[in-house]
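Notes for the one structure printed next.
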Amino acid sequence: MAVSFTLEKELSRDEIKDLQRKVRKLAEEKRAVILAHYYQRPEVQDVADFIGDSLELSRKAAETDADIIVFCGVRFMCETAKILNPTKKVLHPNPESGCPMADMVTAEQVRLLRKKHPDATFVAYINTTAEVKAEVDVCVTSANAVKVIKKLPAKKIVFLPDQALGGWIAKQIPEKEFVLWRGFCPPHFEFTAKEVLKLKEKYPDAKIAVHPECHPKVVELADFVGSTSQILKYATTVNAKRVIVITEVGLKYTLQKKNPEKEYIFPESMNYCGTVYCCTMKGITLPKVYETLKNETNEVILPKDIMERARKPIERMLELT
């Protein structure tokens, strides 16, 4: 079954194809690179030069020689691209597409926490604002968090903002003390152990792949826990005909393209599309990508001092991985 989401104005297949051609033509003319997260709409993924999770896209943003970066993701991802490319023009197709979890911690709160834990190393999930990144020692993604934190000499780690990811990391590194901020990802916290168990009962031969942003009780049921890109690799290569995938439904499109021979099962919900989805990710539409690139609008602008300070923990992450 194909994955699709309604556009602001419903477009026909021909209109979508025509708009995609126009986007690609503009990208070539303007020497622009289009980056898209796996949670983006299928028609947006199809015009991207690179599709990936936060770590993969951070690397692409750091390596690109394009003049313009069009980032199809939520605000903190666009900020990261700008931090790594301060002289380039970074465009966000929908400036209203923020990340609720990133907004659950502020720079002022981090500074106050520093006073309480002066002996700790502060680790921020990449899902944080530029202002928060400027206050921490190192950033991590769900793909590299365990690897990075194991390499840190500190015995005490303050991890923010995701308590679920932080708790999962802490279990992998019992030799360190963790202080967790109580943030969370609303879409991933929608998944419940009850519905996962129901799916397992319905599909007893299926493997279960879970994103670590999910509730700990859901994570406990997994055959595999990993980032979006790690789930993609596992789900398309594991020796099973069916995989129950507990993450945002946008990944289903890529899974089906990578290995159409397998069945990928996503939990149902009360959302209009029948599955759990990130409304801010889906706020980026193909018409918005076209208009943003055509008019070079919605440029990401950050204070110079914030970019300079925020770049250090991101670069440290890339060095450690």
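The values are calculated or read from the model by the stated rules, or taken from the named source; none is laboratory data. As the structure is a prediction and not an experimental result, all values here were calculated from the model. Cβ placement follows ideal geometry from the backbone for every residue including glycine, while neighbour counts extend to all protein chains displayed.
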Among (1) aromatic (Phe, Trp, Tyr); (2) within 19 Å of residue 39 (Cβ to Cβ); (3) touching a Gly at 6+ places or on another chain (Cβ under 7 Å), where does residue 178 come up short? (2)
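Restricting to region 1-40, name every residue that is polar (S, T, N, Q) and modelled with pLDDT of 90 or more.
20, 40
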Scan 232, 165, 197, 160 and give me the residue that is in contact (Cβ under 8 Å) with a residue 24 or more places away in the chain, surrounded by fewer than 23 Cβ atoms within 10 Å (Cβ to Cβ) and outside the structural domain of residue 61 (by TED's automatic domain parsing). 197
Whichever residue in region 52-93 is hydrophobic (A, V, I, L, M, F, W, C) and at pLDDT below 90 and, among such residues, is surrounded by the fewest Cβ atoms within 10 Å (Cβ to Cβ): 62
Checking the structure you have, find out if any residue of region 252-274 is under 24 Å from residue 168 (Cα atoms) and touching a Cys at 6+ places or on another chain (Cβ under 7 Å). no
Counting residues that are over 19 Å from the mean Cα position of the chain (by Cα), which helices (runs of 4 or more DSSP H) fully inside region 1-104 reach at least 1? 13-29
Can you tell me which residue within region 117-131, out of those that are aliphatic (A, V, I, L, M) and in contact with a strand residue (DSSP E or B) (Cβ under 6 Å, 6 or more places away or on another chain), is farthest from residue 99 (Cα to Cα)? 120
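Rundown of residues vs (1) charged (D, E, K, R); (2) touching an Asp or Glu at 6+ places or on another chain (Cβ under 8 Å); (3) farther than 28 Å from residue 30 by Cβ; (4) at pLDDT 95 or above, yes/no style:
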site: 96; (1), (2), (3), (4): yes, no, no, no
site: 104; (1), (2), (3), (4): no, no, yes, yes
site: 109; (1), (2), (3), (4): no, no, yes, yes
site: 128; (1), (2), (3), (4): no, no, yes, yes
site: 131; (1), (2), (3), (4): yes, no, yes, yes
site: 142; (1), (2), (3), (4): no, yes, yes, no
site: 149; (1), (2), (3), (4): no, no, yes, yes
site: 153; (1), (2), (3), (4): no, no, yes, yes
site: 160; (1), (2), (3), (4): no, no, yes, yes
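Identify all residues within region 126-142 that are in a loop (DSSP other than H, G, I, E, B) and crowded, with 21+ Cβ neighbours inside 10 Å; write none if there are none. Let's see the steps before the verdict.
Quick first cut of region 126-142, residues in a loop (DSSP other than H, G, I, E, B) only: 126-129, 134-137, 141-142.
Once the filter is applied, which keeps residues that are in a loop (DSSP other than H, G, I, E, B) and crowded, with 21+ Cβ neighbours inside 10 Å, region 126-142 yields 126, 127, 128, 129, 134, 135, 136, 141, 142.
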In the set 211, 188, the lone residue that is surrounded by 18 or more Cβ atoms within 10 Å (Cβ to Cβ), at pLDDT 95 or above and within 16 Å of residue 39 (Cβ to Cβ) is 211
Any residue in region 117-136 that is in the same structural domain as residue 167 (by TED's automatic domain parsing) sitting within a Cβ distance under 6 Å of a residue that is of a type in the set (Ser, Thr, Tyr)? List the pairs, counting only those 6 or more apart or interchain. 126/54; 126/141
Counted residues, region 96-106 - those being surrounded by fewer than 16 Cβ atoms within 10 Å (Cβ to Cβ) and under 15 Å from residue 287 (Cβ atoms): 1
Of the residues that make up region 26-45, is at least one buried (at least 19 other Cβ atoms within 10 Å of the Cβ), outside the structural domain of residue 125 (by TED's automatic domain parsing), of a type in the set (Val, Ile, Thr) and within 23 Å of residue 252 (Cα to Cα)? yes
Do you know which of the residues in region 200-216 that are of a type in the set (Asp, Glu) and touching a residue at least 24 places away in the same chain (Cβ under 8 Å) is nearest to residue 125 (Cα to Cα)? 213
Going by what's in this entry, would residue 148 be described as outside the structural domain of residue 212 (by TED's automatic domain parsing), buried (at least 17 other Cβ atoms within 10 Å of the Cβ) and assigned to a helix (DSSP H, G or I)? yes
